[in-house]
Each structure stands twice: as structure tokens, then as C-alpha cells.
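Notes to accompany the following structure.
The values are calculated or read from the model by the stated rules, or taken from the named source; none is laboratory data. Since the structure is predicted, the reported quantities are computational estimates derived from the model, not experimental observations. Note: ideal-geometry Cβ built from the backbone for every residue, glycine included; neighbour counts use all protein chains shown.
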Amino acid sequence: MGDVVLGIETSCDETAVAVVERASVVRSSVVSSQIEQHARFGGVVPEIAGRAHVQELVPVLAEALATAGVEGPDVEVVAATTGPGLVGSLLVGVSAAKALSLVWGVPFVSVNHLEAHLYASFLEEPDLELPLVVLLVSGGHTMLVLMEDHGRYRLLGSTLDDAAGEAFDKVARYLGLGYPGGPAIDALATGGDGSAFDYPRSMVQENPDTLPDDRRYAFSFSGLKTAVVNHVRHDPDSPTADVAASFQEAVVDALVTKARWAVEATGARGACLGGGVAANSLLRERFLDMCIGTGVRAFLPSRSMCTDNAAMVAAAGWWRFQSDGPSPLDTGADPNQGLPLLS
Ligand code: KG4
Ligand code: ZN
């Protein structure tokens, strides 16, 4: 029951709808990005995002149903991201999902956006073995999670300040590379020298045991961002490609080193990436090397599944529906909703 899930994602600047069966067969996944509307402001403008979702949701929904070859009543569950995210944006998807659930007479399932990013990997590789270390790196979050079972997560550590994607976006903005900064730095760095400048790696050292427990898996990127800005101010002739590559090297080094510590300390059987920054070329390469080195199975979701999409929402929604059943229709949008963690 509940195998054909319609997923809706409107938490930030992507309006997305997908139809997914049993969290593993993607029948359609349509994403309408608002990047062009936000680019000239150098970041996502909440008011513009909310309006664009209102405009885009119905056409995106129609395309997702048509591509999947399903009519409304064929859908068995409607799942939508209820948080975290921008409240005005979330409300568009949540209201639409509840309306469809009422009209079609099918259950509504509330999905946590971070849990959806975790499920992007299972969507493409349903046989992933648990426990699994997940490095979740997006524009709003950076965390290392131990997934013990479906729906059972332990937070190992998260960022104390900027998220990794936020650091990419801020540094790119300073370097005049436009928005979003991650893909721009990724592309420019391929022609640069990552060892040109030795930028700081926060809370990374030879022996993880010398760090206090609450810092071992923690990240911090604001000092790195300041170091890049100060360096470029003092030495404006530094080749931008070398600055981008050295910055990227520092971010990836911190992320992969701590993911390796987590794999070694937890005895996880596998490790995977999730979130928009997981599309980064150097991170993918180093993460894979780390998994080969530690002898665990690696999984890197395809780039289109790393950034925001509704297929991952439908997949997480299917798993949630199997374990918890439908969500009450008075479930609201919650901009600060955290990943449901084991205590
Ligand atoms: O997961 P996502 O699509 O949205 C959030 O939930 O935040 O992540 C967006 C973030 C942005 O900060 C963007 O710059 C970053 O992911 N990003 C990248 C790359 N592609 C997207 N960062 C580094 N390298 C990339 N190739
Ligand atoms: Zn996201």
C-alpha cells in the first residue's frame, strides 16, 4: 500500500515535483530552478522565492504527472517537505500537498528536508548496507550523521557557524564569481593549484582523540572564509583559480578527514554523501578515495540527486509512511525543523 508517492519540494529556490514508486523507481522528477531570478541579488530572496513557487508549482506538477504517465487518482500518497527551509516557500508546497491529499482522498506525509537528502542515496542504491555514515553538506546544513537503521539517526557533529555550501557561496561572491558559488568555484578550481595557498582547516589534526568530544566531528568554515578574504585583500594579484582551488581543498580536506574518523570510530559498513555540495568534483573524488582506503562501501548520489529535488522527498516520504503512517492534516510548515534524532 502507498507505493506510488507524489513528492513536492519547495523549501528554498527549487520548485520540484516527482512521482516515485516504492522509494526506488523514479517515474518522473521535474525541477524548476529559480537561480536566474536570485542571481542578481547574490543569494536567495525569500519573497521572490515564495512568489516563484506559487507561479511554478502547478505547471511543474502537471509535467511530473504527465511524464510519469499517471493521473491524479493513481497517486497513493502525497509527500511534501514541511521543513527546514524558508517559511513562505514551504507553505506553498505544504498547502498544495494537503489540497491534493484531500481532493484525491489519499494520505499526506510530512517530510523533513534533511531526511530527504539522506534518502537520495537509497533511491539510487536501495541495497546500501547499514550502519552508514552520511556526510550531509548543503547550503543551509553541514552534518555528519550515523544512520543506524531507516529513520534512526545519530548526529555525530555539525557546523558551528557557516554551512559548507554557504562558505562556497560567500567566497564565490567575494571573488566575483556569481551565485550559486559552489558550481562556479568547482569549475574554476579545475584550472587552479589547490596547494598554492595553505588556508586553515578548523579542528582538524593528526589524532582525533586530542580534540574534545563535542569538537571531534564539528566543522567551522567562517575562519576559512575570513582567511581567504584577508589573503586576497593583501595580495590582490593572486590568481583567482588558485585561490578557488586552495579554498576548495581546505573545505574538502576538513569534510573528508572527519568523515574518515567517523567511519573508523563507528565501524560503519558504508558511507555516502548528500546535499548540494555533494555535487562537488573534488569532494566526490576524495570521499571515494577515503572509502576505498578504509574498506567501506561508498555511495555518491548522481549530481541531480544531490541538489534539491522532489524524488528524494517522495523516497523519504515512502519510508516515513511505512513506519509512521499518514501525517495529520494540521501539520504545518516548520522553518527550523531538525532531523529527527535518537537521543
Ligand atoms: O542541497 P541544496 O541544493 O540546497 C539546500 O538545501 O541548501 O544545496 C545548495 C548548495 C549551494 O550552497 C551551492 O553553492 C552548493 O550546494 N553546491 C555546490 C556545488 N553544487 C551546488 N558546492 C560545491 N560544489 C558544487 N559543484
Ligand atoms: Zn537541500
Name the one entry in A184, A189, A167, A241 that is within 16 Å of ligand 2 (Cβ to nearest atom), surrounded by 15 or more Cβ atoms within 10 Å (Cβ to Cβ) and under 30 Å from Q37 (Cβ atoms). A167
Count of segment 263-277 residues which are near ligand 1 (Cβ under 8 Å from one of its atoms), assigned to a helix (DSSP H, G or I) and among the small types (G, A, S): 1
G338: outside the structural domain of S29 (by TED's automatic domain parsing), closer than 28 Å to S33 by Cα and away from ligand 1 (no atom under 16 Å from the Cβ), yes or no? no
When the residues of segment 247-257 are filtered to those that are out of contact with any Lys or Arg (no Cβ under 6 Å at 6 or more places or on another chain) and surrounded by fewer than 24 Cβ atoms within 10 Å (Cβ to Cβ), which remaining residue is nearest to R297 (Cα to Cα)? T257
Name every residue in segment 1-32 that is among the hydroxyl-bearing types (S, T, Y), assigned to a loop (DSSP other than H, G, I, E, B) and within 16 Å of ligand 1 (Cβ to nearest atom), in order of residue number. T10, S11
Restricting attention to segment 314-335, does a residue exist that is at pLDDT 95 or above, within 24 Å of S220 (Cβ to Cβ) and not hydroxyl-bearing (S, T, Y)? yes
Take segment 137-154 and flag every residue that is in contact with a strand residue (DSSP E or B) (Cβ under 6 Å, 6 or more places away or on another chain) and either surrounded by fewer than 24 Cβ atoms within 10 Å (Cβ to Cβ) or within 25 Å of F321 (Cβ to Cβ) (or both). M143, V145, L146, M147, Y153, R154
Can you tell me which of (1) buried (at least 16 other Cβ atoms within 10 Å of the Cβ); (2) without any contact (Cβ under 8 Å) to a residue 12 or more places away in the chain is the one S101 doesn't meet? (2)
Restricting attention to segment 119-136, which residues are buried (at least 23 other Cβ atoms within 10 Å of the Cβ) and either out of contact with any strand residue (DSSP E or B) (no Cβ under 7 Å at 6 or more places or on another chain) or in a helix (DSSP H, G or I) (or both)? Y119, A120, S121, F122, L123
